[in-house]
Amino acid sequence: MSSKTPKILIYSHDSFGLGHLRRCRAIAQSLVGDFDTLSVLILSGSPIIGSFEFRSRVDFVRIPGVIKLRNGEYTPLSLHINIDQTLAIRSSIIEHTAKVFEPDIFIVDKEPLGLRGEVLPTLEALKETDTKLVLGLRDVMDDPQILKEEWDRKNVYPALNDLYDEIWIYGPEDICDPLEGIDLPEPVNEKLRYTGFLRRELPKSALEHPAPSPFDEEPYILVTPGGGGDGVEMVDWVMRAYEARQRPLFPALIVLGPFMPAAAATQFSERAEHLRDVEIIRFTPQIEPYLANATAIVGMGGYNTFCEILSFDKPTLMVPRVVPRREQAIRAERAENSKLLKVLPIDSYPDPDLMAKALSELPEMAPPSAAGIDNLLGGLEIISTRVGEILDDAQADDNRKLVNF
C-alpha cells in the first residue's frame, strides 16, 4: 500500500432510487466508526447524494447520472449528450479515482461489471495491485431465472472467477440465497460470505435534535415507499383507506420519497389536506427518527426498508412491487413465512376495505423480534471484522516487504 492510512472505495451504479446509495452509506458510516484512521470514498451517480449527512472520513465522488427507461435502455439524467459518451465519462472518472485514491479494498455494489460494464477497466487495473476486490450483493437479487438470464447476457462469470477476491451477501445464509438457481463454479462459491442484514440506528444529529411528533405525541403509522419512484399505487391505496373512513385507524405519516413523480406528490398532498389524520412529508434524508417513533410501518419491501423494520422492531405491513423486478415480492414472501411481518399483495389494489382492515390490525401485530430468529442484523459487525482482517494482512505484507528490502 502506498499510504499508511487505510482506504476503501465503494462503487454504487444507480442514479435513481435510494437503495444502493443508502446501503453503501450505511457500510461506510459503520466502518469509519470502527477504524480510527480509515477513509471511505463512495462513487455514485445519485443526484441527491449531497442531501445526506456523512460522518468524518466519508466522502463521495458524484459521477454523471443516468436513468433507466421503460424499454430497459439508459439515458443521461441531465447532460444533453448520448449515453455512450456519458458512460465513457463515468468509466473514466471511476478508473482515475481508483488510480489516485489507491484503495485497500474496492467494494462494488450489486452490478459485477458496473453499469453496462463501466467498472470492468477499474477492476482489471486494480487486480494488478494489492487492492482486495469485493462484490456486495443484497439478500435477494431477482427471480432466479431472470437473474440467470441477465448474468448470462452480461457475461459476468469471468469477473466473478478471475477478478473478485470475495463476494459478500448482505443477509443471513439460512434465510436468503440471492444466487439460487445459478450454477456457479466451485472457486466462485468459495468466495461467498454471508453477513446478515445491515443494522440501522438513529443518527447522532437526531439524538441531539429529536424530530417533532407529527400528531402531538399520538401514535402513528409510518408509510414509506422508499425512494418513491414506483410507490404511487401503494400510497394511493393507503390514502383510499383513510378517505373511505370505514373503521378507526391510527394516524398515518406518509414520507413520499425524492423520486416520487411531482404530479403524484402534489395530488397526494392536496388529498391529505382534507384528512385530519394523514400528514405528508415530501422527502427527508433522515427517516430513522420517524421510524423509531412510529407504532407500525407500511412499506414496499426494498432492502433498506427491510433492514429498518428489523432494526427498529416495528409491526410491519409490506406491499411489494412485482415489476420490473420481483426482488421485493420474494423478500416479503420469505419474511412473512418467517413470521417477521404481514404481506398485502399489490394485485388486490385498489380495494380500500382490504387495506383498511390490514391497517386496523397492524398496530396489534407482533414485532419482528417475536419471531425469535437470532443473528438477523449482524451484517455491519461481520463486515467490520472482515475488513479488519484484510487491513491487518495488508499491513503484515507491507512489514515483510520492508524487512526484505
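The values are calculated or read from the model by the stated rules, or taken from the named source; none is laboratory data. For clarity, every value in this text was computed on a predicted model and none was experimentally measured. Using ideal geometry, Cβ is built from the backbone for each residue, glycine included, and neighbour counts are taken over all protein chains shown. Protein only, heavy atoms only, side chains kept; ligands, DNA and RNA dropped before computing areas. Shrake-Rupley method; radii C 1.70, N 1.55, O 1.52, S 1.80 Å.
Once every DSSP H run of n ≥ 4 in the chain is given -39500 (n - 2.57) and the sum is divided by its residues, what mean residue ellipticity at 222 nm do you get, rounded to the nearest 500 deg cm²/dmol?
Rounded to the nearest 500, it is -11500 deg cm²/dmol.
Take the Cα of Leu207, step 7 Å toward its Cβ, do the same at Arg62, and the gap between the two points is 3.0 nm. Taking the longest Cα principal axis of the chain as reference, the axis of helix 83-101 is set at about 60 degrees.
For the stretch 210-274, run through the GluC sites (Glu not before Pro) and keep only the ones in DSSP coil with at most 11 other Cβ atoms within 10 Å of their Cβ. Passing both the DSSP loop test and the Cβ count: Glu217, Glu273.
What's the longest bit of the chain with no exposed trypsin sites (Lys or Arg not before Pro), using DSSP loop states and at most 14 other Cβ atoms within 10 Å as the test? It would help to have the intermediate numbers written out before the result.
Numbers: sites that count: Lys4, Arg70, Arg245, Arg276, Lys339.
The segment 71-244 is the longest one with no such site.
On C-alpha positions alone, give me the angle between the axis of helix 232-244 and the longest principal axis of the chain, in degrees, nearest 10. Tilt relative to the chain: about 20 degrees.
For a straight C-alpha distance cut-off of 30 angstrom, the lysines reachable from Lys154 (same-chain residues fewer than eight places away being disregarded) are Lys7, Lys68, Lys99, Lys110, Lys127, Lys132, Lys191. Accessible area per residue was computed with a 1.4 Å probe on protein heavy atoms; Met141 scores about 10 Å². Rolling a 1.4 Å probe over the protein chains gives Ser39 an accessible area of about 40 Å².
Annotation: amide H of Arg199 within the under-5 Å range of Gly379, Leu380, sequence separation 5 or more or interchain, hydrogens built in the peptide plane. Shape class of the chain from the Cα gyration tensor (axes a ≥ b ≥ c, square roots of the eigenvalues): prolate, since a/c reaches 1.5 or more and a/b is larger than b/c. Using a probe of 1.4 Å, the accessible surface attributed to Trp168 totals some 0 Å² when neighbouring protein chains are kept in position.
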